[in-house]
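The values are calculated or read from the model by the stated rules, or taken from the named source; none is laboratory data. Everything numeric here is computed off the predicted structure, so don't read it as measured data. As a convention, Cβ positions derive from the backbone with ideal geometry for all residues, glycine included, and neighbour counts pool all protein chains shown.
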Amino acid sequence: MLDVEKIRNDFPIFNDLNKPFIYLDSASTSQKPLEVIDTISSYYNSYAANVHRALYSIGEKATDEYENVRLLVKKMLNVPDSHSVIFTSGTTESINLIAYSWGLKNLKKADNVLITEMEHHSNIIPWQLITKKTNSSLNYIPLSNNGTLNTESMNEQLLSSTKIISISHQSNVFGTINPIKNIIDKAKSMDILTLIDGAQAVPHLKVNLAELDSDFYVFSGHKMLGPTGVGVLIGRNELLEEMEPFLGGGEMINKVNMHESTWNEIPWKFEAGTPKVAQVIGLGAAIKYLMNIGLENIHNHEQGLLQYALDILEQNENIILYGNPPERGAVIPFNLKNIHAHDLAKFLDLDGICIRAGHHCAQPIMDYLNVSSTARISMNIYNDENDIDILAAGIKKTISTLN
Ligand code: C6P
């Protein structure tokens, strides 16, 4: 177990001891340690300048700090030299970039894109849009009851007409950690490209991209203790070279004349306009913070909490738990009998407990479960067993008040 008290001291939001604050919604967005906040402030306070174009010293410092974060991302995820790191605004933009830049050029009528029924909308909608535009089709690997993917059906759905499979590493609803290494290997043997949505995995698991060797891997900064407005796309160079730019503007060009233009080298070809300088630098501080604690330690701590929470929630006969994947992150979806998830969330908030309630931007999962919404708790390094005890008491109080 991590020293949660010490960790909480690093997060200003937990330092107001005058009000109770139990944060169990890190899958939505995580809290930020002071190091991240200070790193962003220090950019604005002492070297706020544009990158790649200012010839004065604060501009050079900003450029160095910005580019250093690319190296930190490479180190954290063991990104092989065959791949490049591109900064985007988040997982959503990263997936849209691939869908538009790769998909528009490469998908044809007889082709299909394979995703799964457990995807977040950001890994569904871009593919709906692009398959419609290209007259290709969109297929889904179905769910099975325990919140895992139906592997038999998955094998049947990997067809010679499948051009790309786009799948989450860890589900934001069930917490399921998908067998992506097997899927990537199988896809590779059939010349199918792979895109892994790592939004829920990177903050909680040690991800080794040299081992996984997916064609694309994407994630968001704000779920991994970093700021909002920044995300990452890691892509295989030979694919990125062939792809058209997603956005056009400053910095992504080599030469522009009035009729046509040529493109900058990757990764800058995909970073049009003034980039998210402060956010990228803040992300760097978050990566250092996570690596300092160690992703294995983080994973073990959260696995302990997950088990503790499951044991407690299972004891309450008014709670319906959804899914039971054998490998899962610290995310638990549930409902109360006769009480809407939104009512539960509002009641818990009265006691300073933050949980998420709704469809979690994963409506196909809600359809599968035959519900309109669920409550969801998700844990992080700053949570401990006491948080779960307070949650369990809050749930009991809500049940006795509303029933
Ligand atoms: N899920 C949740 O509460 P953005 O918004 O681009 O940073 O991330 C989108 C996204 C993509 N994939 C997965 C697996 C995700 O969980 C998310 C964001 C949040 O579950 C907000 S809806």
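Summary of values
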item: Any chance Glu302 is buried (at least 18 other Cβ atoms within 10 Å of the Cβ), modelled with pLDDT of 95 or more and part of a helix (DSSP H, G or I); result: yes
item: Residue within the range 152-164 that is within 16 Å of the ligand (Cβ to nearest atom) and within 20 Å of the chain's Cα centre (by Cα) present; result: no
item: Condition broken by Lys108, with the remaining ones in (1) in contact (Cβ under 8 Å) with a residue 24 or more places away in the chain; (2) within 16 Å of the ligand (Cβ to nearest atom) satisfied; result: (2)
item: Meets criteria (closer than 13 Å to Ile86 by Cα, away from the ligand (no atom under 16 Å from the Cβ) and touching a residue at least 12 places away in the same chain (Cβ under 8 Å)) for Met252; result: yes
item: Residue match in the range 55-75 (condition: of a type in the set (S, T, N, Q) and part of a loop (DSSP other than H, G, I, E, B)); result: no
item: Any hit, the range 10-23, residues being of a type outside the set (Lys, Arg), in contact with a strand residue (DSSP E or B) (Cβ under 6 Å, 6 or more places away or on another chain) and not in a loop (DSSP other than H, G, I, E, B); result: yes
item: Residues (among the aliphatic types (A, V, I, L, M) and within 16 Å of the ligand (Cβ to nearest atom)) located in the range 74-91; result: Ile86
item: Subset of the range 13-36 (residues that are closer than 30 Å to Ala393 by Cα, more than 16 Å from the ligand (Cβ to nearest atom) and surrounded by fewer than 20 Cβ atoms within 10 Å (Cβ to Cβ)); result: Ile13, Phe14, Asn15, Asp16, Leu17, Asn18, Lys19, Pro20, Phe21
item: Close pairs from the range 112-133: first at positive phi, partner more than 11 Å from the ligand (Cβ to nearest atom), Cβ under 7 Å, at least 6 apart; result: none
item: Residue within the range 216-233 that is more than 30 Å from Ala357 (Cα to Cα) and away from the ligand (no atom under 15 Å from the Cβ) present; result: no
item: Failed item in (1) surrounded by fewer than 21 Cβ atoms within 10 Å (Cβ to Cβ); (2) in the same structural domain as Lys397 (by TED's automatic domain parsing); (3) on the phi < 0 side of the Ramachandran plot, with Val331 passing the rest; result: (1)
item: Asn297 within 22 Å of Gln170 (Cα to Cα) and in a helix (DSSP H, G or I); result: yes
item: Boolean, Ile320 is more than 15 Å from the ligand (Cβ to nearest atom), over 18 Å from the mean Cα position of the chain (by Cα) and in the same structural domain as Asn178 (by TED's automatic domain parsing); result: no
item: Subset of the range 248-289 [hydrophobic (A, V, I, L, M, F, W, C) and more than 21 Å from Asp64 (Cα to Cα)]; result: Val256, Met258, Trp263
item: Residues satisfying the stated conditions in the range 350-373, i.e. within 16 Å of the ligand (Cβ to nearest atom) and closer than 18 Å to Thr29 by Cβ; result: Cys354, Ile355, Arg356, Ala357, Gly358, His359, His360, Cys361, Ala362
item: Total residues in the range 112-143, condition polar (S, T, N, Q) and in contact with a helix residue (DSSP H, G or I) (Cβ under 7 Å, 6 or more places away or on another chain); result: 5
item: Residues being within 23 Å of Gln31 (Cα to Cα) and surrounded by fewer than 19 Cβ atoms within 10 Å (Cβ to Cβ) - total across the range 334-349; result: 4
item: Pairs, first without any contact (Cβ under 8 Å) to a residue 40 or more places away in the chain in the range 352-364, second near the ligand (Cβ under 8 Å from one of its atoms) and among the basic types (Lys, Arg), C-beta under 8 Å, six or more apart; result: Ala357/Arg376
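Every residue, every condition in (1) at pLDDT below 95; (2) in contact with a Ser or Thr (Cβ under 9 Å, 6 or more places away or on another chain); (3) not assigned by TED's automatic domain parsing to the domain that holds Gly250, yes or no:
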| residue | (1), (2), (3) |
| --- | --- |
| Arg8 | no, no, yes |
| Pro12 | no, no, yes |
| Leu24 | no, yes, yes |
| Ser46 | no, no, no |
| Tyr56 | no, no, no |
| Thr63 | no, no, no |
| Pro80 | no, no, no |
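Yes/no matrix, rows are residues, columns are (1) among the acidic types (Asp, Glu); (2) surrounded by fewer than 18 Cβ atoms within 10 Å (Cβ to Cβ); (3) more than 16 Å from the ligand (Cβ to nearest atom):
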| residue | (1), (2), (3) |
| --- | --- |
| Glu5 | yes, yes, yes |
| Asp38 | yes, yes, yes |
| Ser41 | no, yes, yes |
| Val69 | no, no, yes |
| Glu93 | yes, no, no |
| Ala99 | no, no, no |
| Leu114 | no, no, yes |
